[in-house]
Amino acid sequence: MEQTDKKGYRGDFPVRDEDVTSSFKYEVADWVGGEGLLRCLKCGACSGGCPVGSVIDYRPRKVLGNVLLGLKDEVLSSDQIWLCAACFTCEERCVQQVNFTDVVTVLRNMASREGNAAPGYIKMAEMVMENGRVTARTGLVDKMREKLGLPPLQDPDVEQLRAIMRAAGLNDVIAANKKGAVSK
Amino acid sequence: MKMAMAWGCLVPTRRSLLGYEAATRKVLETLNIETVDVPNETCCAPFWMQSLDLTTSIAMAARNLAKAEEMGLDLLTPCSGCFHSYKRVNHVLETYPDMRERVDDILRSVGLHYEGKVEARHLVDFLHKDIGADKLKEKSTRDLSSLSIGLRYGCHMLKPHELLNIEYSERPTFADELLDQFGIDSVQYAGRHRCCGGLLRGVQDDVADRVLHERLSDANEAGVDGIVTVCSLCHLQHDMGQRSIKRKFEMDDLDLPVLHFPQLIALGFGYTPEEIGLDLHTIKTDKLVAKIMGGGRR
């Protein structure tokens, strides 16, 4: 087992009042999907079923604990929120309906606005903005489709999609991550 | 019965997934289901996009739902990622009035409106619930009882079950029931229902490899003839990712063909392997096909 977080479990503990943003958990709970956080008992059922946790040292409970403690900067700037594979097993098993996957989505949204999104996802978003799909159309695939008797590939309404993305504010998120700039 | 089809980004554009589309079209045609593709379908903004901005994702996914709504049809998709994304739209709009207002505004700005009346359906659930296992058996013309396969339900067709409302995800059986109609032995093995790590691809590649390694080891140890997936991402992982796992983890005996669920149904209906793109997969499907065809290919 490798430590993904080099600080380890006890690196910066104990946590003291002056090191935390105590309002952080309420901030998270205020977002769509974040409301379950305050119900967390830290029982660890999430960690027990985590498929990522079975190959590396990753524990959803620890992430929840960090959020509840108010370790805002650490949570939003580290890998720990980008290691969830979104399998929803923890969400399925949680007796308190914390919905860890949804809480992680909130944390990722927050981090993304601060320019800390996973670069791979930003690349994919740019691809979608360019093509209307997360993949590009190639002549080779067009030929294979024809050979298989499939109808010609439709062109996505990329103009409309771009307008939606712009109106919803995704351009700002991408810009924040391109410059590494903070735009809150 | 008529359904609006949302194929997603990957299915119609990736070599090894073209057979998913071909087989789905053929299976639905055989079952007399009329389909019409969502006009100029765009990205469904699945979980990875939700990670960047949930509001944007909901509005993006609502675009295709609005198009289906204009046609007065429910939406059918073979991709679990799309399915999950579309189910989430209705849930979020119903649960959070502020979000609905925001998404309404965004859609209005591009001349669209989504009332929230479209139900998104996953192909496999549709085959089970709306068509029925009996009907598949009726149309079956080829015996597939020589096959033992590892069925991967994946994550986004079932979890969380309150949202997706198909079957509780810990011990699902509905898709096995469908394969049973063709005599296929769907093998129960440890790890069958666990995540393949697909969403970590391109973001945490080493972790994605390790999770996939576990899944491929599980299936390999179960001694199955092949794996069957119901999700585009699962297929990309298991099929396209398999060679690099074989190298990286020195699994010399690893050689598992990975089929799309409707490809098996289409084989049962008598279609040829070529008609459903079985020759386009990264991992050769020849051995499995030979087993069905009694050693020789037509």
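Assorted remarks:
- Residues whose amide H falls under 5 Å from that of B:M5, counting only those 5 or more places apart or on a different chain, are B:V36, B:D37, B:V38, B:L76, with hydrogens built in the peptide plane.
- Helix A:139-148 vs. chain A, principal-axis angle (Cα, 0 to 90°, nearest 10): 80 degrees
- Candidates B:D180, B:D255, B:D206, ranked by Gaussian network fluctuation over chain B, Cα under 10 Å, top entry: B:D206
- One compactness figure for the stretch A:17-113 is 0.97, namely its Cα radius of gyration divided by 2.2 N^0.38 Å.
- Chain B - Debye-derived log10 I(q)/I(0), Cα point model, q = 0.10, 0.13 Å⁻¹: -0.53, -0.89
- Candidates B:G223, B:G277, B:G150: whichever shows maximal mean-square fluctuation once chain B is modelled as a Gaussian network with Cα springs under 10 Å: B:G223
- Local electrostatic count, A:E91, Cβ distance below 11 Å [Lys/Arg +1, Asp/Glu -1]: -1
- Within the shell defined by Cβ-Cβ distances under 11 Å, the residues around B:S145 carry a net charge of -1, with Lys and Arg each +1 and Asp and Glu each -1.
- Of the three principal axes defined by the Cα atoms of chain A, the extents in descending order read 62, 35, 30 Å.
- Helical content of chain B, expressed as a calculated mean residue ellipticity at 222 nm, amounts to -12500 deg cm²/dmol (DSSP H runs of 4 or more residues, -39,500 (n - 2.57) each, divided by residue number, nearest 500).
- Base-10 log of normalised Debye intensity for the stretch B:170-218 (one unit scatterer per alpha-carbon) at q = 0.21, 0.28 Å⁻¹: -0.77, -0.97
- Within chain B, the longest run free of GluC sites (Glu not before Pro) that sit in a DSSP loop with at most 11 other Cβ atoms within 10 Å is B:116-249.
- Between B:T35 and B:N165, the simple label model (points 7 Å from Cα in the Cβ direction) yields a spacing of 2.3 nm.
- Judged by a Cβ-Cβ distance under 4.7 Å, the unpaired cysteines of chain A are A:C40, A:C43, A:C50, A:C84, A:C94.
- Relative to the current alpha-carbon distance between B:K117 and B:E94, full extension at 0.36 nm per residue lengthens the span by 7.2 nm.
- Of every Cα-Cα pair in the protein assembly as shown, the percent that sits beyond 44 Å: 11 percent
- Chain A: calculated mean residue ellipticity at 222 nm from DSSP helix runs of at least 4, using -39500 (n - 2.57): -13500 deg cm²/dmol
- With kT/(6 pi eta Rh) evaluated at 10 °C and eta = 1.306 mPa s, and Rh the Kirkwood radius from Cα pairs, the stretch B:45-100 diffuses with a coefficient of 139 µm²/s according to Stokes-Einstein.
- Residue range of chain B that is longest and free of chymotrypsin sites (Phe, Trp or Tyr not before Pro) which are both DSSP loop and sparsely packed (at most 16 other C-beta within 10 Å): B:1-167
- The alpha carbon gyration tensor of the stretch B:142-292 gives principal lengths a ≥ b ≥ c with a/c of 1.5 or higher and a/b no greater than b/c, which makes the shape oblate.
- Computing Rg and the Kirkwood Rh from the Cα coordinates of the stretch B:86-186 gives a ratio, Rg/Rh, of 1.14.
- For chain A, the longest principal axis of the C-alpha atoms and the axis of helix A:119-131 are separated by about 30°.
- The calculated FRET efficiency for the pair A:D142 and B:D286, based on their C-beta separation and a Förster distance of 30 Å, comes to about 0.70.
- Under Karplus coefficients 6.51, -1.76 and 1.60, residue-wise ³J(HN,Hα) of the stretch B:157-166 in Hz, glycine/proline x: 8, 10, 9, x, 5, 5, 7, 8, 6, 10
- Cα-centred dipole magnitude for the stretch A:68-130, charges only on beta-carbon of K, R (+1) and D, E (-1), debye, nearest 20: 60 debye
- Amide proton proximity set for B:V228, modelled H, under 5 Å, gap of 5+: B:G150, B:L151, B:R152, B:L259
- Rg/Rh ratio calculated on Cα atoms of the stretch A:89-184 (Kirkwood radius): 1.13
- Within the straight-line cut-off of under 28 Å between alpha carbons, the lysines reachable from B:K284 are A:K143, A:K147, B:K26, B:K137, B:K139, B:K246, B:K248, sequence neighbours fewer than 8 places apart in one chain being disregarded.
- Considering only B:A208, B:A266, B:A68, the Gaussian network model of chain B with Cα springs below 10 Å gives its largest mean-square fluctuation to B:A208.
- Net charge contributed by nearby residues that have their C-beta within less than 14 Å of B:L254 (K/R +1, D/E -1): -3
- The convex hull built on the alpha-carbon positions of the stretch B:2-122 has an orientation-averaged projected area of 7.2 nm².
Values quoted throughout were computed directly from the atomic coordinates according to the rules given, and no laboratory measurement underlies them. From a predicted model like this one, the values you see are computed outputs, not experimental measurements. When we count neighbours, we look across all protein chains shown, and the Cβ atoms used for this are built from the backbone with ideal geometry, even at glycine.
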